[in-house]
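Chemist: Pasting a structure below so you can have a look.
A short reminder: the numbers here are calculations on the coordinates, not readings from a lab. It should be emphasised that the depicted structure is a prediction, and the values quoted were computed from it without experimental measurement. Backbone-built Cβ (ideal geometry, glycine too); neighbour counts: all protein chains shown.
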Amino acid sequence: MIKTRLLGVMGRQQTLEVIQEIVWKFLSLLAHLVLAGSIAMLITDCYYQHLSVQHGLIYALIAVLSVSSRLIFVKLFFDSKETVAEDVSNCVRNEVIEKILRIGNPYIYHLTTTHVGELLTEDCELIEAYYSEFLPIVGYAILGTGTMTMLLFAIDFAVATVFLVAIVIAIILFALVRKYEIFSYIRYIKAILEAFSYGVASFALIGDIKDLGQSHIGLEWSMILFYLCIEVFKPLIAISDMLQDGIISGKAVDEFFSFFDIREPKEGKDGIPNEPVRIVFDKVAFKYESENVIENATMIIKGSTAVGIYGPEGAGKSTIAGILQKRNRNYSGSIKINGTELSRISQNTLFKTLTYVNADSYVLKKTIEENLQIGNPQAPEKRIVNALMVVGLWPQVKEKGGIKMTPEQCDFTEGQMRRLVFARALLKNSKLYVFDDITKGIDDQSKQDILKLIHQLSKDMGRTILLFSDDIGCLKGMDGIYEIADGVVGEYGKTKVHN
């Protein structure tokens, strides 16, 4: 039920945040128990006419402190839950993206692009729920039920023993539900636990009334025992409420680790000089199985220039982009970035140096802030707003409520979605940007806005740009244009198509 490996992947900080959730929830329970105890003492003093003004003020103070502290602990619990959810979401997405980059193109033999999309969206949300909701409830149930059971043993050993046996049976039933996924039985387990609580509480109360008459037990302890009998199963009932969701989200965790366990290729270890990116392709070729996709590609992309690569759909533009990202690894020839062979460059260095954006880049069903922080998780609000201003989205985002809104709430068009992706790329602040058909399928105004931004990236910010497109008009004004035709790459107008 508890995926301990997930705790290791999330890291020490996220694990401490989950423990924090459990602690705040447990402290709110203790505050509730103190309140119940003070009420029992107040009723007892009233019953025996021992209540003084001083005692009354003390009970009132305890009640106020208990209620206020419980409210504070509940608030802290939900704040911690929100923090954990956000951190886990970012951590899982980063792990998936980095794993894909480390594996390269062979990942397509293990799972589809749709599956990757599910890992980054639906599965990520399920893992987030498992880590921020289900795990803390399990931890709280263990701590809360254990504490109340020990209190029962201190008051009435016989009643506590009955409850202990019932708790063991409940845990066995939960384990069976989890193993055989018989979710329809969860509501019966919950009903049995509630009925058992009130049943034993009633019998205990009857027994206590008899003992009360014989002065074997005080009235206050009789009421506390009754209260504990009713409350002791509530943490377990909370698990039953979340058990089905916990099992489903647990499967998402298993999916994550099955992907995480895919064998990775041998990785380079070199860095590259910290200067504008210069790329040299020398007689590069690439095959998909036995089919030649790229033949004898020779190109020189100078630092801080914008270079276009033109070719029809299916000509091999995305293949070259994939080679640069190390997704397509089995190429022949030489590719050097700032003098270092691509195969020798570490994936971490390449990830920091290169940002790839295509027409299918994901916009998550999250807030604009969360979408942009994928490009830079530490980006403050000011930088996010600046990025939105650069791409011309800030006025609309501001009008709709700010960066806490989702793209859907801001009524973004497809072209504006593409500009949002561009803003995310800007926040990463890479030295090399690879844009693969980024202007495809959007309105003319958005297309012109994006092309203008691409030129600004190169000329004003000194970034190296590769723009792949099947529309030669989009490459107007580039510092150079190469063309792919029948797998051969050459300067535009000089390939065999034009001869």
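Chemist: If the only charges are +1 at each Lys and Arg Cβ and -1 at each Asp and Glu Cβ, what is the size of the charge dipole of the range 125-205 around the Cα centre, to the nearest 20 debye?
Modeler: Here the size comes out at about 240 debye.
Chemist: Projecting each Cα onto the charge dipole of the range 279-491 (Lys/Arg +1, Asp/Glu -1 at the beta carbon, about the Cα centre), which of 453, 380, 356 comes out farthest on the positive side?
Modeler: 380
Chemist: Enumerate the aspartates and glutamates that residue 404 could reach by cross-link, defined here as Cα to Cα under 12 Å, with residues fewer than 8 away along the same chain left out.
Modeler: Cross-link targets: 369, 370, 381.
Chemist: Can you tell me the length gained on complete extension of the stretch residue 203 to residue 67, counting 0.36 nm per residue apart and subtracting the Cα distance? All intermediate terms of the calculation are to be shown ahead of the outcome.
Modeler: Details: separation 136, 0.36 × 136 = 48.96 nm, distance 2.98 nm.
Full extension from residue 203 to residue 67 adds 46.0 nm.
Chemist: Let me ask something additional. Please compute the net charge surrounding residue 386, taking Lys and Arg as +1 and Asp and Glu as -1 over other residues with Cβ under 15 Å from its Cβ.
Modeler: Summing Lys/Arg as +1 and Asp/Glu as -1 gives +3.
Chemist: Here's something else I'd like to know. For the range 10-104, state the semi-axes of the equivalent ellipsoid (square roots of 5 times the eigenvalues of the alpha-carbon gyration tensor), sorted largest first and rounded to whole angstrom.
Modeler: Values for the range 10-104, descending: 48, 9, 7 Å.
Chemist: I need the semi-axes of the equivalent ellipsoid of the chain: take the C-alpha gyration tensor, multiply each eigenvalue by 5, square-root it, list largest first in whole angstrom. Present the calculation step by step, with values, prior to reporting the outcome.
Modeler: Values: eigenvalues 809, 120, 59 Å².
That gives 64, 24, 17 Å for the three semi-axes.
Chemist: Below 8 Å between Cα atoms, with a sequence gap of 6+, how large is the relative contact order for the range 366-499 in percent?
Modeler: 21 percent
Chemist: Another question about this same structure. What lysines could a cross-link reach from residue 3, if we take a straight Cα to Cα line under 28 Å and drop same-chain neighbours fewer than 8 places away?
Modeler: In chain and number order, the partners are 25, 75, 81, 99, 179, 190, 234, 251, 365, 366.
Chemist: For the chain, what does the relative contact order come out to in percent, with C-alpha contacts under 8 Å and a separation of six or more? Before the final figure, lay out the partial values.
Modeler: Working: 704 pairs, mean separation 78.4, N = 499.
16 percent.
Chemist: Suppose every K and R has +1 on its Cβ and every D and E has -1 on its Cβ; what is the size of the dipole of the range 279-491 about the Cα centre, in Debye to the nearest 20?
Modeler: Charge dipole of the range 279-491: 1040 debye, to the nearest 20.
Chemist: Another question, then. For the chain, what is the percent of antiparallel DSSP beta bridges, rounded to the nearest 5?
Modeler: About 45 percent, rounded to the nearest 5.
Chemist: DSSP beta bridges in the range 236-370, what fraction antiparallel, as a percent rounded to 5?
Modeler: Taking every DSSP beta bridge with both residues in the range 236-370, the antiparallel ones total about 95 percent.
Chemist: Determine the gain in length on full extension of the stretch residue 244-residue 349; use 0.36 nm per residue of separation and subtract their C-alpha separation, reporting nm with one decimal.
Modeler: 33.6 nm
Chemist: Counting just the Cα atoms, what span does the range 279-491 cover along each of its three principal axes? Round to the nearest Å and put the largest first.
Modeler: 52, 35, 34
Chemist: Where does the Debye-calculated log10 I(q)/I(0) of the range 273-382 sit at q = 0.17 Å⁻¹, using only Cα point scatterers of equal weight, no solvent?
Modeler: Taken in order of the listed q values, log10 I(q)/I(0) reads -0.95.
Chemist: Can you tell me the convex hull volume per residue for the range 4-260, based on C-alpha atoms, in Å³ to the nearest whole number?
Modeler: Here the figure is 123 Å³ per residue.
Chemist: To continue, here is another question. Return one number: the angle in degrees, 0 to 90 and rounded to the nearest 10, between the long axis of the Cα atoms of helix 381-390 and the longest principal axis of the Cα atoms of the chain.
Modeler: 30 degrees
Chemist: Moving on to the next point. Going toward the positive end of the dipole of the chain, with +1 on Lys and Arg Cβ and -1 on Asp and Glu Cβ, which of 311, 74, 15 do you reach last?
Modeler: Checking the options against the dipole of the chain, the answer is 311.
Chemist: Treating cross-link reach as a plain straight distance, find the aspartates and glutamates whose alpha-carbon is under 18 Å from the alpha-carbon of residue 283, omitting any fewer than eight places away in the same chain.
Modeler: Once the sequence-local aspartates and glutamates are set aside, what remains near residue 283 is 291, 295, 341, 483, 486, 491.
Chemist: Still on this structure, I have one more. For residue 280 and residue 390, what is the calculated FRET efficiency with R₀ set at 30 Å and r taken between the beta-carbons, to the nearest 0.05?
Modeler: It comes to 0.45.
Chemist: Just for the Cα atoms in the range 407-499, what are the lengths along the principal axes, largest first, rounded to whole Å?
Modeler: Largest first, the range 407-499 extends 52, 28, 21 Å along its Cα principal axes.
Chemist: Separate question: Using per-residue counts of other Cβ atoms within 10 Å, averaged over each peptide, order 245-254, 127-136 from highest down.
Modeler: In decreasing order of mean packing, 245-254, 127-136 become 127-136, 245-254.
Chemist: Now a separate question. What number, in percent, do you get for the relative contact order of the range 306-443 if the mean sequence gap of Cα pairs under 8 Å and at least 6 apart is divided by its residue count?
Modeler: Across the range 306-443, relative contact order equals 33 percent.
Chemist: Report the convex hull volume per residue for the range 235-284, counting only C-alpha atoms, in Å³.
Modeler: Residue-normalised Cα hull volume stands at 216 Å³.
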